[in-house]
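Single-structure report; data block below.
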Amino acid sequence: MRGNRLYLIFISIIIALLIITLFAVIIDRNNGIKRREKERAEAEARDAEIKRNIALLFEDNDTEEEIAEEAEEEVEEEKEKREAVVKGKRVIGADPDLEDEIIKIENAPENLIFIGDSRTVGMKHAVGKNKYRWLAQVGIGYGWLAGTAGPMLSVSANAGVKMVFNLGVNDPGNGEKYAEYINKRIDKWDKAGVKLYYVSVNPVIDGYSNATNEKVDACNETLKRKLDDRVGWIDTNTYLFERGFNTVDGLHYDEDTYRAIYGYILKMIGEDE
């Protein structure tokens, strides 16, 4: 009996070894197939790269005259790009029907107070004599609104008044603070018969000021999301990209652009009335 058990154990070990060997052979065979497929793919890729390089050698066989013409064209293109940047012209995706448009308003809304920074100051000078009140100062931001302009606005918060805010380009990171400031006072102003509007922070020429269009867009998204629904949102930013705009220094606009912004604001408020 003991001899039979030993024999069975021996046979079992032999069978197990055979099974293990068989699996090892199968795995090695599969690995070999995968390795050969990979090597074949790499060889085909190398052959394709060689063929492309040969084709490029023949395609790039231009004459000296053609090379000189191409170089001259590239110089002219770069020159035009630099001139466009210096002039500050932006007509990105401009709608031909809107390009360089300045809206003329016959029956302009009454009792507006424009509150803003140097861009609002520039707009006031560009539109010239008008019937509105302007509370604007160069180089200011949220601190000026909360500390200086706020008390003056409280005195002016009479029935029929429309406050038009256009702040944020000097401190685009304060979008939430601007929204909170207005939202805390809107119940009082609404009861007094005051209507509020917020004009979007408008585009810049990137690289010409501390602000960037990425920061401007983020500020606008925050304002739109956080402002009370009773605050009218006037999206001059989108309008300017559709119309096109000029700046004098990357941040401040030329007179035509300021007049375009002014006309669009009056149009939107008039339609809201």
How large is ³J(HN,Hα), in whole Hz, for each residue of segment 166-183 in order, when computed from phi with the Karplus curve 6.51 cos²θ - 1.76 cosθ + 1.60 and θ = phi - 60°, using x for Gly and Pro?
-> 8, 10, x, 5, 7, 8, x, x, 9, x, 5, 5, 4, 5, 5, 4, 5, 4
³J(HN,Hα), Karplus 6.51/-1.76/1.60, whole Hz, each residue of segment 132-143, x for Gly, Pro = 9, 9, 10, 10, 9, 8, 6, x, 9, x, 4, x
Of the peptides 214-223, 253-262, how do they stack up when ordered by the mean number of other Cβ atoms within 10 Å, highest first?
-> 253-262, 214-223
Which Cα, out of GLY141, VAL169, VAL194, lies furthest along the positive dipole direction of segment 130-267 (beta carbon charges, K/R +1, D/E -1)?
-> VAL194
Could you list THR236, THR21 in order of exposure, starting from the residue whose Cβ has the fewest other Cβ atoms within 10 Å?
-> THR21, THR236
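Shape verdict for segment 112-272, please, from the Cα gyration tensor: rounded (a/c under 1.5), prolate (a/b greater than b/c) or oblate.
Values: a/c = 1.58, a/b = 1.32, b/c = 1.20.
Cα axes put segment 112-272 in the prolate bin.
Laboratory data are not the source of any read-out in this text; all were calculated from the coordinates shown. Computed from a prediction, not measured in an experiment: that's the story for all the values here. We place every Cβ from the backbone using ideal geometry, glycine too, and count neighbours over all the protein chains shown.
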